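Derivation of every value follows stated rules applied to the coordinates shown; laboratory data play no part. The structure displayed is predicted, hence computed values, not measured ones. Here Cβ is always computed from backbone atoms with ideal geometry, including for glycine, and neighbour counts include all displayed protein chains.
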Amino acid sequence: MKNLVLLFFFITAIAASAQQNQKIGYVDSQVILAQYPPAIKAQSDLDALASKWTKTRDSLVASLQTSFQDYDKQKEMMTPDKQRETQQQLLAMQQQIQRFEQEKFGQPGGELYTKNEELLAPVKEKILASISEVAKEEGMQFIFDKTGEVLLLYADSEFDLTFKVLDKLKRGK
């Protein structure tokens, strides 16, 4: 329903702009993020952090699996109290893994989510500032993101500002 309302709004805006000779442009933010060095660096830093935490989680899971296999082999020789104690230890290990995953990868509030916001916020600000500058230079009234939630049904490549924005970002202006 939300997309239908947005689509109606944009079709109305396009129809109104056609009557007023307004220019509409679009960018492909995925291209910009894939080619803009600060965005590439931020993504690389995030990937390294995620990889580190994934290895830690995998190590914890492997330890739990080993402990469970050891318990499974030895439980027949254990007293009922020792079995309960070992089961509680295994449960505690499983809960520790779940807490670790939530702390590191939870959405929102996990460290990876927070770090993503921290690293990409300045990059996004710069990109938006460049989009605004290019739009003013090109006399555009509207700029859409080709990869955002709002889909373009048709986009004339004449109005694609992706590489102009990327050029402005790379020149540092």
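Key figures
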read-out: Debye, to nearest 20: dipole size of the range 2-171, +1 on Lys, Arg Cβ, -1 on Asp, Glu Cβ; value: 200 debye
read-out: Amide H within-cut-off set for residue 144, under 5 Å, with H built and near neighbours excluded; value: 25, 26, 27
read-out: Karplus 3J(HN,Hα) series, Hz, for the range 97-113 with 6.51 cos²θ - 1.76 cosθ + 1.60 (x for Gly, Pro); value: 5, 5, 5, 4, 4, 5, 5, 8, 10, x, 10, x, x, x, 4, 5, 4
